[in-house]
Ligand SMILES: Nc1ncnc2c1ncn2[C@@H]1O[C@H](COP(=O)(O)OP(=O)(O)OP(=O)(O)O)[C@@H](O)[C@H]1O
């Protein structure tokens, strides 16, 4: 669905991506993580054709995004972090803009608006930022595009709104879509992600399926970090009187020993471990978790 190979891109003379490679071959919900300024928003804009790569190969559903082919524009929907809505009501938006998306469903748009508690008949001008964001998300979901790009979708949403967003994302009608979500809200989204991308230093440092990470890593809290199997330990940080840790799962799939309570993937902890112990973490992960660049050159 998306093929990026050896992408070079930057602003002015300043390079942001130098040999960035990644692939999306199947539907799913892809969480894109990275430090501030690592290039997550720029990547989404490159994918939908709002920015032009310096060089390299970039294909989205078989198209060169920057050429902005009508078929591609009807197949990709992007909700930017700072988005603009015309001063219409949601109902008017559906009537005027839904036609650009062949799979747009007005009925689903109404359902999503109701789920997110956005009044369909109020003008966007009279809505709060969070309500406008919910309306933009509802519209994006209702377009039915095979590819959906969401930049920080849960920013500005209240707690109930975030939970409803997660529920909507998991509805069966989105199962065939690839949804790329750039976010810092790891905890909000970890339960719904199928894939994780971690961008660092102008590269895709990690591309992995959540299920694979679950098999490979164990994360949890231990009263005493010394009680953990030191050979398997990858990262630890103090958490009150205890220690949060990331460890390799042992070959038999068991835990890393000690008195800790080990569990599945916690994205915030994974994010910190990758940011602060990048080489160690990447070395610990199996070759299939390494970025597409490494796979392709293998
Ligand atoms: N229009 C622009 N002109 C010049 N530089 C830009 C422009 N947009 C982004 N940048 C720079 O490119 C880099 C990547 O920005 P981008 O917004 O893609 O990062 P990000 O990972 O989404 O950041 P954040 O997590 O803070 O939202 C930053 O250093 C930013 O200053």
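Sort 250, 143, 89 so the one with the fewest other Cβ atoms within 10 Å of its own Cβ comes first. Can you show the working numbers first?
Working: 250 14, 143 23, 89 18.
Ascending number of Cβ neighbours within 10 Å: 250, 89, 143.
Computed extension gain for residue 107 through residue 67, at 0.36 nm per residue and net of the alpha carbon distance, reaches 11.2 nm. Between the alpha-carbon centres of region 1-79 and region 193-255 there is a gap of 29 Å. Largest mean-square fluctuation among 238, 90, 53, in a Gaussian network model of the chain whose springs join Cα atoms under 10 Å apart, belongs to 238. Here r is the Cβ-Cβ distance between residue 25 and residue 221 and R0 is 35 Å; the resulting FRET efficiency, rounded to 0.05, is 0.50. Of all beta bridges that DSSP places with both ends in the chain, some 65 percent have antiparallel geometry.
If neighbour count is taken as other Cβ atoms inside 10 Å, put 35, 177 in order from fewest to most. Don't jump to the answer; show the numbers that get you there.
On the way: 35 14, 177 20.
So the residues, fewest neighbours to most, are 35, 177.
Expected output is a single nm value to one decimal: the length gained when fully extending between residue 3 and residue 212, i.e. 0.36 nm times separation in residues minus the C-alpha distance. What is it? Display every interim value, and only then the final one.
Details: separation 209, 0.36 × 209 = 75.24 nm, distance 2.14 nm.
Fully extending the segment from residue 3 to residue 212 adds 73.1 nm.
Cβ-Cβ distance of residue 117 and residue 191, R₀ of 30 Å, FRET efficiency by 1/(1 + (r/R0)^6): the value works out to about 0.90. How high is the FRET efficiency from residue 175 to residue 50, r the C-beta distance, R0 22 Å, rounded to 0.05? So the FRET efficiency works out to roughly 0.20. For the chain, the longest principal axis of the Cα atoms and the long axis of helix 106-115 meet at an angle of about 50 degrees.
With the simple model of a label 7 Å out from the Cα in the direction of the Cβ, residue 268 to residue 81 spans 1.9 nm. Angle of helix 267-276 to the longest C-alpha principal axis of the chain, folded into 0 to 90 degrees and rounded to 10: 60°.
Over the chain, dividing the summed -39,500 (n - 2.57) contributions of all DSSP H runs of at least 4 residues by the number of residues returns a 222 nm mean residue ellipticity of -8000 deg cm²/dmol. Residue order for 219, 210, fewest other beta carbons within 10 angstrom first, comes to 210, 219. Quick check on region 2-201: take the gyration tensor over C-alpha atoms, sort the square-rooted eigenvalues as a ≥ b ≥ c, and tell me if it's rounded (a/c under 1.5), prolate or oblate. Judged from the Cα gyration tensor, region 2-201 comes out prolate (a/c at least 1.5, a/b above b/c).
Taking 7 Å steps out from each Cα toward its Cβ at residue 125 and residue 35 produces label points 4.4 nm apart. When the chain is treated as a Gaussian network with alpha carbon springs shorter than 10 Å, the biggest mean-square fluctuation among 106, 28, 37 belongs to 37.
Measure nothing but the geometry: give the 0 to 90° angle between the long axis through the Cα atoms of 129-142 and the longest principal axis through the Cα atoms of the chain, rounded to 10°. Once rounded, one gets 80 degrees.
Any read-out appearing in this document is the output of simple, stated calculations on the displayed coordinates, not a laboratory observation. Because the structure is predicted, anything quoted here is derived from the model rather than measured. Cβ: placed from backbone, ideal geometry, glycine included. Neighbour counts: every protein chain shown.
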